[in-house]
Amino acid sequence: MEIDFGDEREFLTESVTFWDICFTSSDSAWIASNIGLVQATVREESVKVENVVRTEEELRRVSCWSTGRVVIAIGNSAVYRYDGRGLSRLSTPSEFTFSKVKQLDGHIWMLGHKMLYPNSNSVATGLTGIVLASPDGGATWENRTPKEIRFFSDIDFRKGKGWLTGSDGSLFYSNDNGKSWHHVPVPTTHDLYSIFYLNEQNIWISGLNSTILKYGVD
């Protein structure tokens, strides 16, 4: 597929890596990249870059808000919101690094983690996670972390019913849009990485060491 950088080409001094993409319509996309947030028009055989919102750090994840022109993008040390007024850095817990952002069931969800240190002079002994949800396109955030805190890797919601995966065989289920979570026993202690929701009786989960699990919703 041909990439047309248009007027931005003359400012490019390095190769461009596209890390993640989301769409606000069938042909309007936002892309997280190593040069910032890229707005593009996508055709069948070409991509035309319309605008580049440059950031000091590369952006790895992006989520588009379906009800308006709001985009949430994640870098290595910051979370950004882009709307008609421009780019702003969001206030999120500074000790966490956020690694995933998704738009699900009218909310934007973010998963983050931080290293655990027994004291200031010691080495890290593990990870702990956080789950944040925004009902208003990233203007405000609510902590929806399960009581059994883990390193969280993926999340999915459909009609208020959600699944959350994490380290050491951690699987959680919610039937109230993440306000409460229930631990789901699984036949593995391997880290679980991703969720694919086909329908309520076909929810597939993959993980370390060729782990594949299938669940359904009663």
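Throughout, read-outs are computed from the coordinates displayed, never taken from laboratory work. Here the structure is a predicted model, which is why all the values come from computation and not from measurement. We place every Cβ from the backbone using ideal geometry, glycine too, and count neighbours over all the protein chains shown.
Here are the numbers:
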item: HN-Hα J in Hz across the range 28-37 - Karplus 6.51, -1.76, 1.60, θ = phi - 60°, x for Gly and Pro; result: 10, 10, 10, 10, 7, 9, 6, 10, x, 9
item: Phi-based couplings in Hz for the range 152-158 (Karplus 6.51, -1.76, 1.60; Gly and Pro marked x); result: 9, 10, 7, 8, 8, 9, 9
item: Interchain or long-range residues, amide H under 5 Å from S33's placed H; result: W19, V38, L59
item: Order of D105, D27, D176 under a 10 Å beta carbon neighbour criterion, fewest first; result: D176, D27, D105
item: Counted charge near A32, where neighbours are those whose Cβ lies closer than 10 Å (Asp, Glu -1; Lys, Arg +1); result: 0
item: Calculated from backbone phi, Karplus (6.51, -1.76, 1.60) coupling profile of the range 130-145 in Hz, x at Gly/Pro; result: 9, 10, 10, 10, 10, x, 10, x, x, 5, 9, 10, 10, 7, 10, 6
item: Residue order, fewest to most beta carbons within 10 Å, for D20, D136; result: D136, D20
item: For the range 95-218, size of Cβ-based charge dipole, Lys and Arg +1, Asp and Glu -1, in debye; result: 20
item: Neighbourhood charge, 10 Å Cβ-Cβ cut-off, centred on L132 and excluding it, Lys, Arg +1 and Asp, Glu -1; result: 0
item: Shape call, the chain: gyration tensor on alpha carbons, a/c limit 1.5; result: prolate
item: FRET E, pair H182, A139, Förster distance 30 Å, beta-carbon r, rounded to 0.05; result: 0.55
item: Sum of side-chain charges, Y197 neighbourhood, beta-carbon under 14 Å (Lys, Arg +1; Asp, Glu -1); result: +1
